[in-house]
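A.B. asks: Would you mind keeping the following structure in view while I ask a few things?
The values are calculated or read from the model by the stated rules, or taken from the named source; none is laboratory data. Bear in mind the structure is a predicted one, so any value in this text is a computation, not a measurement. Positions of Cβ are generated from backbone atoms using ideal geometry, with glycine treated the same way; all protein chains shown enter the neighbour counts. Remember, those area values only see protein heavy atoms, side chains included, never the ligands or the DNA or RNA. Shrake-Rupley method; radii C 1.70, N 1.55, O 1.52, S 1.80 Å.
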Amino acid sequence: EAGVVQSPRYKIIEKKQPVAFWCNPISGHNTLYWYRQNLGQGPELLIRYENEEAVDDSQLPKDRFSAERLKGVDSTLKIQPAELGDSAVYLCASSSEGQTHAETQYFGPGTRLLVL
Amino acid sequence: ELKVEQNPLFLSMQEGKNYTIYCNYSTTSDRLYWYRQDPGKSLESLFVLLSNGAVKQEGRLMASLDTKARLSTLHITAAVHDLSATYFCAAGTSGSRLTFGEGTQLTVNP
């Protein structure tokens, strides 16, 4: 079974430039998450999707961040314009309902963003 | 707001020794997860604990959950170098967000 796929793996941009990240979840997983992980810290949720609906975006800085999950499968996360403080690893995760896995979230490899 | 605290944050231990990592959470949660992260890598799921008194073991790692004390432990038995990584616990309830701890950076020395 293929895991969560993310691209790009690395991105270096100058501040004020836009950037976008892409995620393809595990097949059949209806829930998709975007996290930001700063160096030396645990992941922090940015947005959670149930199918194509954003059910928790309270931590998403909506002035510069946007996300979409068209058709309830792939998702993109965009930052425009990027700021120096946005440098972090952006992780995508997915999960499915059901007792077997108890909504365990499976993480992708992440995109390392460096804003100069 | 749910807060999750881990301790210690840094742990250096010798091979063959035992140690325990603690994870406290501030409000009622019905699930507790442990993840492992190697440097530069993503998070790997280790355990999910769903009920009071739950205990799960995989190799040299054993996780337990005490929902009354709002405490989970990750016990390491006879540590080996391959266990060196950062370990995260995360708590939440069904259908809600997970809150992660800061992580415990474990180094196992020969």
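A.B. asks: How many of the residues making up region A:70-98 are of a type in the set (K, R) and modelled with pLDDT under 95?
C.D. replies: Filtering region A:70-98 down to residues of a type in the set (K, R) leaves A:71, A:78.
With the extra rule that they be modelled with pLDDT under 95, the set shrinks to A:71.
Residues meeting the conditions: 1.
A.B. asks: I need the full set of residues from region A:57-84 which are free of Cβ contacts under 8 Å to residues at least 24 places away in the same chain and open to solvent by 20 Å² or more (accessible area, probe 1.4 Å), in order please.
C.D. replies: Residues satisfying the conditions are A:D57, A:S58, A:Q59, A:P61, A:K62, A:D63, A:R64, A:S66, A:E68, A:L70, A:K71.
A.B. asks: Condition check: touching a residue at least 12 places away in the same chain (Cβ under 8 Å), open to solvent by 30 Å² or more (accessible area, probe 1.4 Å), more than 9 Å from every other protein chain (Cβ to nearest Cβ) and within 20 Å of A:Y106 (Cβ to Cβ). Does B:L32 satisfy that?
C.D. replies: Working: touching a residue at least 12 places away in the same chain (Cβ under 8 Å): yes; open to solvent by 30 Å² or more (accessible area, probe 1.4 Å): no; more than 9 Å from every other protein chain (Cβ to nearest Cβ): yes; within 20 Å of A:Y106 (Cβ to Cβ): yes.
Judged against the criteria, B:L32 is not a match.
A.B. asks: Checking the condition facing chain B (nearest Cβ under 9 Å) and among the aromatic types (F, W, Y), which residue from A:Y35, A:Y90 passes? Outline the logic, then answer.
C.D. replies: Working: A:Y90 fails: facing chain B (nearest Cβ under 9 Å).
Unique residue meeting the criteria: A:Y35.
A.B. asks: Let me ask something else. Quick one: B:N18 ticks every box in (1) surrounded by 14 or more Cβ atoms within 10 Å (Cβ to Cβ); (2) more than 30 Å from A:V4 (Cα to Cα) bar one, so which box is it?
C.D. replies: (1)
A.B. asks: I'd like the full set of residues that are in a loop (DSSP other than H, G, I, E, B), more than 20 Å from B:A91 (Cα to Cα) and of a type in the set (D, E), limited to region A:25-58. So that I can check it myself, show each step before the final result.
C.D. replies: At the first step, the residues of region A:25-58 found to be in a loop (DSSP other than H, G, I, E, B) are A:25-30, A:38-43, A:51-52, A:57-58.
Narrowing the set further to residues that are more than 20 Å from B:A91 (Cα to Cα) leaves A:25-30, A:39, A:51-52.
Passing the criteria: only A:E52.
A.B. asks: With the structure loaded, tell me whether A:T111 is open to solvent by less than 10 Å² (accessible area, probe 1.4 Å), among the β-branched types (V, I, T) and on the phi < 0 side of the Ramachandran plot or whether it fails that test. Outline the logic, then answer.
C.D. replies: On the way: open to solvent by less than 10 Å² (accessible area, probe 1.4 Å): yes; among the β-branched types (V, I, T): yes; on the phi < 0 side of the Ramachandran plot: yes.
Yes: the conditions hold for A:T111.
A.B. asks: I'd like to check something: does region B:92-100 contain any residue that is at the interface with another protein chain (Cβ under 10 Å from one of its Cβ atoms), touching a Leu at 6+ places or on another chain (Cβ under 8 Å) and open to solvent by 60 Å² or more (accessible area, probe 1.4 Å)?
C.D. replies: Checked against the condition, which is being at the interface with another protein chain (Cβ under 10 Å from one of its Cβ atoms), touching a Leu at 6+ places or on another chain (Cβ under 8 Å) and open to solvent by 60 Å² or more (accessible area, probe 1.4 Å), region B:92-100 yields at least one hit.
A.B. asks: Right, here's the next one. What about A:W22, is it within 11 Å of the chain's Cα centre (by Cα), outside any loop (DSSP other than H, G, I, E, B) and within 13 Å of chain B (Cβ to nearest Cβ)?
C.D. replies: On the way: within 11 Å of the chain's Cα centre (by Cα): yes; outside any loop (DSSP other than H, G, I, E, B): yes; within 13 Å of chain B (Cβ to nearest Cβ): no.
Answer is no for this residue.
A.B. asks: Hey, B:S96 hits all of (1) in a strand (DSSP E or B); (2) under 18 Å from A:A93 (Cα atoms) but one; which does it fall short on?
C.D. replies: Looking at each condition in turn, B:S96 falls short on (1).
A.B. asks: Looking at B:A63, B:A79, which one is assigned to a loop (DSSP other than H, G, I, E, B), surrounded by 15 or more Cβ atoms within 10 Å (Cβ to Cβ) and aliphatic (A, V, I, L, M)?
C.D. replies: Exactly one residue qualifies, and that residue is B:A79.
A.B. asks: May I ask you to say which residue of B:F10, B:F47 is within 14 Å of chain A (Cβ to nearest Cβ) and either touching a residue at least 40 places away in the same chain (Cβ under 8 Å) or surrounded by fewer than 13 Cβ atoms within 10 Å (Cβ to Cβ) (or both)?
C.D. replies: Values: B:F47 fails: either touching a residue at least 40 places away in the same chain (Cβ under 8 Å) or surrounded by fewer than 13 Cβ atoms within 10 Å (Cβ to Cβ) (or both).
One residue alone meets the criteria, B:F10.
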